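Remarks on the structure that follows.
The values are calculated or read from the model by the stated rules, or taken from the named source; none is laboratory data. No experiment lies behind these values; they were computed from the predicted model shown. Glycine also receives a Cβ, built like all others from the backbone with ideal geometry; neighbour counts cover every protein chain displayed. Accessible surface areas use protein heavy atoms only, side chains included; no ligands, DNA or RNA. Shrake-Rupley method; radii C 1.70, N 1.55, O 1.52, S 1.80 Å.
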Amino acid sequence: MDKLKIAHIGAGNRGSNTYLPLITKLKDDLELVAVCDIHEGRVTQQAEKYNVPAYTDTELMLQKEKPDICSIVITPSKNHIPGLLCSQYGVSYCTETPINTDLKLADDMIESAKQHGTKLEVNENYYRRPSERIKREMILEGIFGKINVAYNDFRGHGYHGIGLIRSYLGFDNEPVQVYGFSKHFSVQEHEWRKGQPRRKSEDWEHAVIEFENGSVGIFNFSSLSYGSPLRGFNGTKFYAERGMCFRDDAVLLNENADEQIPVTITRKTNNVDGYDTLAALVANTNPEVVWENPLQYYPLSDGEIVVASELMSIANAVRNDTEPEYGAYNGRKDREIDVAMARSRNNNGAPVTFPLQY
């Protein structure tokens, strides 16, 4: 296959301002053939902008346009509605996070894709950031040895934060049980976000997740995380057998194991259409570790690379008849752990074990 025909479902803010512009940028790989949304006004506006047909009915769009793949960016609790239709019509798709808020509906989506031989990708954003990609490459190369403990301090809520923790501890490393609790605190009254009511309190969520290989994930999230000047810093860290990483700064032991050596990351770029886009990140480890940007010949910012790689994941899965990069299993697992954390918090920290029952 050369270009794949892609139909986009969801003309809201993220669909219109992030996905649709990127689909058109990936012009050597994707051809936008339709836009669908239940709101006629906004879907007509986007369809006219990109000179493609507008639809308010997903099934009719699938019947008429016969796309190769679809991207779904709507209210997550409704992902199953267009998703099940896509599978029934033999169309593989990617969907924004979470795969679904309801685990049973998520399982219905997964089962339908299996039944109809289609691919399903979940567009987890955080672990796809270039700065996270090079960390994961170093982990996979064994540079740090086993990762014992991974922390996420409100760098992404719920499933986003869990996805980052799992990217350090291993996506195939099954959770065993989780303990969660929450606290309510008073803080200085302040402007949380411009145009939003001022805030003088904070809800804090905390969880400890035990994994089958003995490693531990520590999850923290604050209700002031997104936008409050009082909580302007966030980040992740992990502690491993041979070193550690705090945010984007990593250290290892020297050969004598008596001094730490910082890991330096070098950025290489390509000039594409007058735009310097990321080509690779190189870690000065021994051996050297490199993460190459597979989209380096498109003029994309680091942020655009994240979403573009999600779109190309489902495209390449269809082209090559392979599994998507993140996939439905990981998307569902992130949400399962998220739900388990909430159940434990609501039960005074009582442990919740896996697999989770509906």
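How much space per residue, in cubic angstrom, does the convex hull of the C-alpha atoms of segment 243-316 take up? In segment 243-316, the Cα hull volume divided by residue count equals 110 Å³. Would you work out if segment 1-150 is rounded, prolate or oblate? Take a ≥ b ≥ c from the square roots of the eigenvalues of the alpha-carbon gyration tensor; rounded if a/c is under 1.5, else prolate when a/b is larger than b/c, oblate otherwise. Taking the square roots of the gyration eigenvalues as a ≥ b ≥ c, segment 1-150 is prolate. For LEU32, the residues whose amide H sits under 5 Å from its own are ILE6, ignoring neighbours fewer than 5 places away on the same chain, with H placed 1.01 Å from N. Remark: spin-label model distance LYS183-ASP258 equals 4.1 nm, labels positioned 7 Å along the Cα→Cβ axis. The ellipsoid equivalent to the alpha-carbon distribution of segment 316-358 has semi-axes of 32, 8, 6 angstrom, derived from the gyration tensor eigenvalues as √(5λ) and listed largest first.
Listed peptides 153-165, 277-289, 254-266 appear in the order 153-165, 277-289, 254-266 once ranked by packing, highest mean of other Cβ atoms within 10 Å at the front.
Coupling constants for segment 136-153 follow from the phi torsions by the Karplus curve (6.51 cos²θ - 1.76 cosθ + 1.60, θ = phi - 60°), and in residue order they are 5, 4, 5, 5, 5, 7, x, 4, 8, x, 5, 8, 7, 9, 10, 10, 10, 9 Hz; glycine and proline get x.
When Rg and the Kirkwood radius Rh are both evaluated on Cα atoms of the chain, their ratio Rg/Rh stands at 0.98. Amide H contacts under 5 Å for LEU253: ILE261, restricted to partners 5 or more places along the chain or on a different chain, H placed in the peptide plane at 1.01 Å from N. Per residue, the solvent-accessible area of segment 182-250 (1.4 Å probe, heavy atoms of protein chains only, all protein chains present) comes to 59 Å².
Stokes-Einstein diffusion coefficient for segment 87-173 at 20 °C in a medium of 1.002 mPa s, Rh from the Kirkwood formula over Cα pairs: what value in µm²/s? Translational diffusion coefficient: 146 µm²/s. The heavy atoms of LEU103 present about 20 square angstrom of accessible area, all protein chains included, probe 1.4 Å. Our coupling estimate for segment 181-194, obtained by passing each phi through the Karplus curve with A = 6.51, B = -1.76, C = 1.60 and θ = phi - 60°, is 8, 9, 9, 10, 10, 8, 9, 4, 5, 7, 7, 7, 9, 4 Hz, Gly and Pro reported as x. Expressed as a whole percent, the accessible surface of segment 187-294 that belongs to carbon and sulfur atoms is 46, based on a 1.4 Å probe. Working ranking of peptides 191-201, 242-252 by packing, defined as the average number of other Cβ atoms within 10 Å per residue, highest first, is 242-252, 191-201. Between helix 103-116 and the chain there is an angle of about 50 degrees, using the helix long axis and the longest principal axis of the Cα atoms.
In order along segment 315-323, the phi-based Karplus estimate (6.51 cos²θ - 1.76 cosθ + 1.60, θ = phi - 60°) of 3J(HN,Hα) comes to 5, 5, 4, 6, 4, 9, 6, 10, 7 Hz; Gly and Pro are listed as x. Its Kirkwood hydrodynamic radius, worked out from the mean inverse distance over all distinct Cα pairs, puts segment 14-77 at 12.1 Å.
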